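For reference, the structure is listed below as structure tokens.
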Amino acid sequence: MKIKTTFITNSSSASFTIMKHHLSDLQIKLIYEHIEVGFLVSNDGRYNGRHVHFINDPQFRRSYSYDEWSISEDEETISGYTTMDNFDMMWFLTEVLQIKQEHIDYDHP
């Protein structure tokens, strides 16, 4: 019998950081509103085969904060973090907001 003695995780956490000088004020605002914007720009609330649910989604008739990333900023950067990477933030940043991938420091272990 084999015994695993190291730490095991199935976590799907992820994070990103972008220097704000690469972004417009509108892009920064839309990053904060990523769930609602992602739902609006996707066909029937889907992208990459997954549903995009947003807060107060009428489909569920209750408040949800499903897939939402924690977003913060300082004078130079805007950052995001999630412990459950169901919302495809890289898709959102590059395809929807048209941010160049080389401007995004994205960490997805």
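Quick note: the coordinates plus some simple rules give every number you see, no bench work behind them. Model, not experiment: these values are computed from the prediction. Note that each Cβ is placed from the backbone with ideal geometry, even for glycine, and that neighbours are counted across all protein chains shown.
Data for the structure
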| read-out | value |
| --- | --- |
| Phi to ³J(HN,Hα) by Karplus 6.51 cos²θ - 1.76 cosθ + 1.60 over the stretch 92-103, Hz, x for Gly, Pro | 4, 5, 8, 8, 7, 8, 6, 8, 5, 4, 5, 8 |
| Point-to-point label distance, residue 90-residue 70, nm (Cα→Cβ direction, 7 Å offset) | 2.3 nm |
